[in-house]
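Below is one structure; the comments refer to it alone.
The values are calculated or read from the model by the stated rules, or taken from the named source; none is laboratory data. Here the structure is a predicted model, which is why all the values come from computation and not from measurement. Here Cβ is always computed from backbone atoms with ideal geometry, including for glycine, and neighbour counts include all displayed protein chains. Each accessible area value is taken on the protein alone, full model and side chains, heavy atoms only, with ligands, DNA and RNA left out. Shrake-Rupley method; radii C 1.70, N 1.55, O 1.52, S 1.80 Å.
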Amino acid sequence: MTLLALFLLLVFGVMDSAGMYQYNFLINATVVGVRPESAARLYSDIAEILLGEENPKDLASSQATSENYCKLVFTPLVYDKSTADSFYTSLMRARDNFNDGNVSVAIGPYMEVFTSTDYVITKQTHILTSAAGQNAGMMDPDRVVSILPEPSSLSSVIAATVRELKWKDVAFLAQDDFSPVLSMGQSGIQVWPIRLPNKVKSPDDPELKRNLIELRKSQRKMFILHSNNRDVVMNVLQAAQQIHLLHDKIDWFVTYPDFEDFLSENTTWSGTLYGLQLLREEKIPQNISDVLDLHNVTMSRLDLATAIDVVGLLRHILWKEAPGCNRERLLDDHIVSAEAFTWQLKNTVGPTSPYNGALGQYIWDKSSKGRTNFTIDILRYIGYTKQEIGQVVFINGTADVTLSQFNQTRAVLAEPLEMKKIKLRVATQQQDPFIMIGPDNTYSGFSYDLIQKISENTRYEFELYETEDDDVKVKTNGMVNALVSGNASMAIGALEVTAEREKLISFSYTVMSSQASILIKKADSTTNYFQFLGPFSGELWAMILLFIMVAGLALYVMSRFDPTQEGNVQRFDLKESLWYSLNIILQGSTDYSPQTTSMRAIIAFFWFCVLIIEAAYTANLAAHLTLQQIDNRIKTVHDLAGQSSLMYGVERGSDLHEFLQNTKEDPYERLWAFIKLNEDKVLLDNTTEIINRVKAGTMAFIADGVTNGYYANQHCGIESIVQNFQTKDFSLGFPKGAPYLDDINQALLRLKEEGVLDTLRSKWLETGKNCTEEDKSRSISQKTTPELELTNMIGVFIVLGVFIGVAIIVDVASRMYKWDKNTRKAKTTTELNQSCETNVFDNQVNK
């Protein structure tokens with residue numbers, strides 16, 4: 001096919017008289033590959049663009065006149081290894097092609113035997129369009145020329161850059177090319193090689209995620225990602241961002257030669273990234289996009305730049321071989337031979353006549369085994385901005401790194417960067433009061449309020465989703481699995497810190513501590529405003545009143561026979577006698593004093609009785625008020641274990657269930673014996689039933705203090721009594737090595753110092769928060785000190801008020817009665833006077 005095309009081109013060339021060109025200088029290039037047809041068409045179209053430019057000293061240029069006698073011809077050669085026969089056929093075709101003296105050069109990737117310079121490409125130079133990678137050692141350096149920097153050169157560049165960045169301990173991620181590891185090791189850098197999967201098709205690749213999760217557990221802070229495959233680099237970076245390995249505290253170095261290709265406006269990275277920039281975008285012709293659209297070709301900028309430089313190098317050599325491209329055509333057609341092409345490549349593309357392409361400067365000399373001189377920019381992406389911080393100049397096998405802007409940009413970065421929220425995927429499970437899930441997946445609870453406060457104090461925002469336990473006996477197992485598998489970046493809820501979980505995940509500072517508690521009904525309210533009547537029974541109070549009346553009546557009767565009372569203004573009448581006896585019992589004073597021996601005897605024994613009554617009342621009142629302060633209700637597990645009248649139980653399958661079942665100490669062993677005996681009635685798992693039975697006073701419920709505290713907060717008439725056993729710490733969960741854990745811990749410390757954590761605990765756990773004052777007064781936590789309160793003595797003031805009211809009413813009634821009596825008396829007197837005057841007048845008239 002190649003010979004026929006050349007024959008037609010040479011024999012049936014278009015004549016000058018027809019107004020078209022006839023080519024006398026040409027390079028015949030064979031494009032090898034699995035599907036080389038599209039590459040050959042792309043090279044041809046690029047050649048038309050480059051040969052149409054004006055300046056032969058630049059990449060995309062060659063002088064064009066009406067008489068141009070130079071041309072580049074690209075012929076595809078398919079490598080088919082789908083079957084043994086097709087492999088043999090394509091290999092034989094390749095050998096025949098390259099044995100033809102009219103083939104100037106081979107272009108394409110390295111493909112094992114098919115591109116072997118010993119058996120197939122025996123005469124021509126092979127321009128390698130892909131990274132040599134681990135195959136570099138199997139290639140003939142005199143016959144194979146790489147467009148991209150050779151692995152040894154790039155290794156030197158990477159090692160020198162890492163050394164200047166002062167990285168001492170790095171993780172090196174690559175698929176097959178680990179050549180930089182040796183160079184960095186020779187520079188004193190400790191390197192941990194990590195092999196990436198052979199095929200990385202997406203950021204969600206399971207094997208890739210497993211590797212990155214294990215890498216995150218190592219808690220390393222510096223990573224090198226080495227690959228010339230743009231898709232691989234992009235997928236690894238996206239996967240690392242998903243599990244938050246891209247973070248301000250972690251540095252990444254991307255060795256892909258076109259770092260700017262990952263910094264588009266539509267892509268943002270959360271961490272600090274360093275990269276190499278070999279590609280020069282200004283060297284890519286503006287109209288090259290039309291060619292890609294014409295052939296419906298999608299390729300990376302690096303692949304496009306490689307194709308442009310391949311064509312540019314051929315054009316550069318063709319111009320050196322045929323300086324008369326713009327002169328009259330030769331009498332004989334001339335095809336650049338393989339030997340001439342190799343000589344021109346090694347002798348004309350040198351220090352005196354370098355080729356400046358889209359991937360930098362190309363220089364080869366006679367002793368060179370690769371590109372000897374090129375410059376790569378060092379970029380840094382941080383704070384969502386790109387910065388050029390230095391250059392690597394590679395000259396004759398030595399990489400010289402200059403970080404002129406590194407320290408300056410470090411000083412600038414010391415200032416706060418623009419805060420952009422980073423979203424963390426948070427696993428959770430419903431457990432009152434930590435997380436409660438309402439309609440339409442609305443969340444509430446202590447943990448939810450906590451992460452909202454954390455979000456206000458950090459650059460993180462949270463996306464919650466609910467997980468389920470694989471085993472109902474392993475609480476929060478679903479959240480732990482989500483963190484271990486990489487499906488979640490954080491876990492919140494009733495996540496208890498345990499030794500087994502500490503092996504799998506990391507925990508934040510403790511957000512809440514708890515102990516077991518007893519949920520029990522509050523005692524019924526016994527408020528008594530007349531506690532001063534408590535020391536004596538009703539019968540005794542009635543006897544005392546009768547005693548006062550009898551004593552007063554006796555004094556009245558005796559005073560009737562007292563001769564000293566005759567003619568005395570102050571006499572012991574019935575009213576005064578009763579008043580005198582009441583004064584004595586109330587320890588008051590009176591102006592009356594009995595004079596006779598009999599009356600004084602009555603008074604003396606009356607005083608004696610009053611003394612006994614008052615002493616008994618005082619002693620009984622003190623005892624009565626003391627007994628009111630004594631609380632005989634159940635307050636500890638010892639109290640529970642020591643009685644059998646009140647049922648008690650735990651949640652089925654809970655930690656407390658397992659604890660009581662396995663503990664052989666008293667009183668826990670007695671508690672378990674009672675629970676085991678009544679397990680059908682006291683092992684519960686229905687929250688509504690638990691609350692109803694506790695409120696009814698038929699059961700006490702032993703559970704975690706946080707849970708019982710929340711129940712007591714939401715329901716009146718019950719309270720949670722904390723016990724001194726089964727201590728638990730609850731925290732936020734994170735994957736091992738999560739770089740943002742320190743940020744969350746710092747936020748938690750600030751919230752603790754500001755009292756926010758205490759406020760949230762009070763909001764969700766304060767006993768009786770939603771109850772009335774009367775309900776709260778029934779709590780065991782009420783004041784039990786000896787001093788009396790208003791409720792203890794208010795009855796006295798009530799009695800005082802009542803009698804004051806009665807006295808006022810009696811006085812007003814008495815005054816009104818007297819006023820009415822006086823009014824009627826005056827009226828009667830007036831009528832009598834008028835009647836008398838009328839009678840006198842009538843008598844005078846009659847006379």
For this session: Give just the number: which of (1) surrounded by fewer than 17 Cβ atoms within 10 Å (Cβ to Cβ); (2) at pLDDT 80 or above does Gln431 not satisfy?
Result: (1)
Problem set entry | Condition met for Lys695 (over 25 Å from Leu765 (Cβ atoms), open to solvent by 40 Å² or more (accessible area, probe 1.4 Å) and not aromatic (Phe, Trp, Tyr)) | no
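Could you check how many residues of the stretch 637-659 are of a type outside the set (Gly, Ala, Ser), assigned to a loop (DSSP other than H, G, I, E, B) and open to solvent by 50 Å² or more (accessible area, probe 1.4 Å)?
Of the stretch 637-659, the ones of a type outside the set (Gly, Ala, Ser) are 637-640, 643, 646-648, 650-652, 655-659.
With assigned to a loop (DSSP other than H, G, I, E, B) added as a condition, the list becomes 643, 646, 652.
Cutting the leftovers down to open to solvent by 50 Å² or more (accessible area, probe 1.4 Å) gives us 652.
Of the residues in that region, 1 qualify.
For the stretch 219-234, does any single residue satisfy the condition of being over 23 Å from Gln391 (Cβ atoms) and aliphatic (A, V, I, L, M)? If you could, list the steps in order and put the result at the bottom.
The initial filter retains those residues of the stretch 219-234 that are over 23 Å from Gln391 (Cβ atoms), namely 219-221, 229, 231-232, 234.
Filter once more, so that each one left must be aliphatic (A, V, I, L, M): 232, 234.
Taking every residue of the stretch 219-234 in turn, at least one turns out to be over 23 Å from Gln391 (Cβ atoms) and aliphatic (A, V, I, L, M).
Would it be correct to say that Asp231 is over 23 Å from Arg210 (Cβ atoms) and modelled with pLDDT of 90 or more?
Details: over 23 Å from Arg210 (Cβ atoms): no; modelled with pLDDT of 90 or more: yes.
Criteria not met by Asp231.
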Exercise. Are any residues in the stretch 667-686 at pLDDT below 85, of a type in the set (A, V, I, L, M, F, W, C) and farther than 13 Å from Met699 by Cα, and if so, which ones?
Worked result: none
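Say we look at the stretch 524-557 and pick out the residues that are within 30 Å of Ile718 (Cβ to Cβ) and outside any helix (DSSP H, G or I); which of these is modelled with the highest pLDDT?
Narrowing the stretch 524-557 to residues within 30 Å of Ile718 (Cβ to Cβ): 524-531, 534.
Those still in the list that are outside any helix (DSSP H, G or I) too: 524-530, 534.
Values: Asp524: 68, Ser525: 61, Thr526: 62, Thr527: 65, Asn528: 68, Tyr529: 68, Phe530: 70, Gly534: 75.
By that ranking, first place goes to Gly534.
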Exercise. Restricting attention to the stretch 746-766, which residues are more than 18 Å from the chain's Cα centre (by Cα) and not hydrophobic (A, V, I, L, M, F, W, C)?
Worked result: Glu753, Glu754, Gly755, Asp758, Thr759, Arg761, Ser762, Lys763, Glu766
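What do you reckon, is Pro439 exposed (fewer than 14 other Cβ atoms within 10 Å of the Cβ), out of contact with any strand residue (DSSP E or B) (no Cβ under 6 Å at 6 or more places or on another chain) and at pLDDT below 90?
Values: exposed (fewer than 14 other Cβ atoms within 10 Å of the Cβ): yes; out of contact with any strand residue (DSSP E or B) (no Cβ under 6 Å at 6 or more places or on another chain): yes; at pLDDT below 90: yes.
Yes, satisfied.
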Exercise. Among the residues of the stretch 29-85, which ones are modelled with pLDDT under 80 and among the basic types (Lys, Arg)?
Worked result: Lys57
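Here is a check on your reading of the model: is Ile121 touching a helix residue (DSSP H, G or I) at 6+ places or on another chain (Cβ under 8 Å), within 19 Å of Asn229 (Cα to Cα) and open to solvent by less than 40 Å² (accessible area, probe 1.4 Å)?
On the way: touching a helix residue (DSSP H, G or I) at 6+ places or on another chain (Cβ under 8 Å): yes; within 19 Å of Asn229 (Cα to Cα): no; open to solvent by less than 40 Å² (accessible area, probe 1.4 Å): yes.
Against the criterion (touching a helix residue (DSSP H, G or I) at 6+ places or on another chain (Cβ under 8 Å), within 19 Å of Asn229 (Cα to Cα) and open to solvent by less than 40 Å² (accessible area, probe 1.4 Å)), Ile121 does not qualify.
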Exercise. Taking into account only those residues within the stretch 269-294 that are open to solvent by 60 Å² or more (accessible area, probe 1.4 Å) and part of a loop (DSSP other than H, G, I, E, B), which is farthest from Ser44 (Cα to Cα)?
Worked result: Gln286
For this session: Would you check which residues across the stretch 335-361 are open to solvent by less than 20 Å² (accessible area, probe 1.4 Å), touching a Leu at 6+ places or on another chain (Cβ under 9 Å) and at negative phi and list them?
Result: Val336, Phe341, Gln344, Leu345, Val349, Tyr355, Gly357, Ala358, Leu359
